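Asker: Would you mind keeping the following structure in view while I ask a few things?
Read-outs: derived from the displayed coordinates by stated rules, not from any lab. Quick caveat, the model's predicted, so the values are computed rather than measured. All Cβ positions, even for glycine, are placed from backbone atoms using ideal geometry, and neighbour counts span all protein chains on display.
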Amino acid sequence: ETGVTQTPRHLVMGMTNKKSLKCEQHLGHNAMYWYKQSAKKPLELMFVYNFKEQTENNSVPSRFSPECPNSSHLFLHLHTLQPEDSALYLCASSQVEDALRRLGNTIYFGEGSWLTVV
Amino acid sequence: SQQGEEDPQALSIQEGENATMNCSYKTSINNLQWYRQNSGRGLVHLILIRSNEREKHSGRLRVTLDTSKKSSSLLITASRAADTASYFCATDAIRGANSKLTFGKGITLSVRP
């Protein structure tokens, strides 16, 4: 259904746990993103990887650690999270090319991973 | 700072009616995009309008862009119950090589059968 697959879809973790969210895109894109979606708040961009290099880190706490081993896979490693980190975490991808800069890039989202920190 | 702000925050209409949703933004953009999100799911791209375009159509969707007022509207004609979802506008201010989409809080649309 979607070219961007996220696992797990639901995750409940304690504040001392270590877990990871996984994202895989099958669209041949060269940029991948992590967004956080909390209730009543705008979608927050967390990290951007372009050609596997992290190009953006929007002041995200170090308890969130991204990893991009190749242009198709993206991980978000979670460690000692807080209850306020409970949210829907969305992975996305896009194709970034000079030719598209004028036209605009469309971002393709996965279904998200619901994270609950207890 | 938040770029796109949608209005209203929630909209409830009867099936068959038209739904109009508005978005305002603050700084210069390269393009503006509308996305849809069904409850608990990911966002799906609906339509993109470039800064040099004023109106665009896609099926039952009509998007307008007024760069002088820094605003956009999304019109869904002949709404259906299946259109019930949250709708987000996202402004694209491309910096460097990356697309820098900034999303608003979204509009919750309920279409009553």
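Asker: Let me have the relative contact order for chain B, percent, based on Cα pairs under 8 Å that are six or more residues apart.
Answerer: Reported as a whole number, the value is 38 percent.
Asker: Roughly how crowded by other chains is peptide B:29-42, in terms of the mean Cβ count from those chains within 10 Å of each of its Cβ atoms?
Answerer: Counting Cβ atoms of other protein chains within 10 Å of each residue's Cβ and averaging gives 4.
Asker: By the scheme Lys and Arg +1, Asp and Glu -1, what is the net charge of all other residues having a beta-carbon under 14 Å from that of A:Glu84?
Answerer: Net local charge, A:Glu84 excluded: +2.
Asker: Grab the other residues whose beta carbon is less than 13 angstrom from that of A:Leu11, score K and R as +1, D and E as -1, and report the net.
Answerer: Every neighbour counted, the sum reads +3.
Asker: Here's a follow-up. Take every residue in peptide A:53-60, count the Cβ atoms of other chains within 10 Å of its Cβ, and give the average of those counts.
Answerer: For peptide A:53-60, the averaged partner shielding equals 1.
Asker: Using the reciprocal of the averaged 1/r over all distinct C-alpha pairs, how large is the Kirkwood radius of chain B in Å?
Answerer: Answer for chain B: a Kirkwood hydrodynamic radius of 14.1 Å.
Asker: Based on the alpha-carbon set only, what is the convex hull volume of region A:1-62 divided per residue, in Å³?
Answerer: Taking only Cα atoms, region A:1-62 has a hull volume of 131 Å³ per residue.
Asker: If we restrict to alpha carbons, what Rg and Dmax does the protein assembly as shown come to, in Å?
Answerer: 17.6, 52
Asker: So how far, in whole Å, is the C-alpha centre of region A:1-77 from the one of region B:12-66?
Answerer: 25 Å
Asker: Run the numbers on chain A and let me know its relative contact order in percent, using alpha-carbon pairs under 8 Å that are six or more apart.
Answerer: 37 percent
Asker: Ratio to report: Rg/Rh of region B:28-72, with Cα atoms as the point set and Rh obtained by the Kirkwood method; give two decimals.
Answerer: 1.02
Asker: Check the cysteines of the protein assembly as shown one by one and keep only those with no other cysteine Cβ under 4.7 Å from their own.
Answerer: By the Cβ distance rule, which asks for a partner under 4.7 Å, the isolated cysteines are A:Cys68.
Asker: Right, next: Show which aspartates and glutamates lie in cross-link reach of B:Lys100 when reach means a straight Cα distance below 15 angstrom and same-chain residues fewer than eight apart are skipped.
Answerer: Candidates past the 8-residue exclusion: A:Glu44, A:Glu56, A:Glu97, A:Asp98, B:Asp92.
Asker: Which of the listed residues, A:Tyr49, A:Tyr35, A:His10, is farthest toward the dipole's positive end in chain A, when Lys, Arg count +1 and Asp, Glu count -1 at the beta-carbon?
Answerer: A:His10
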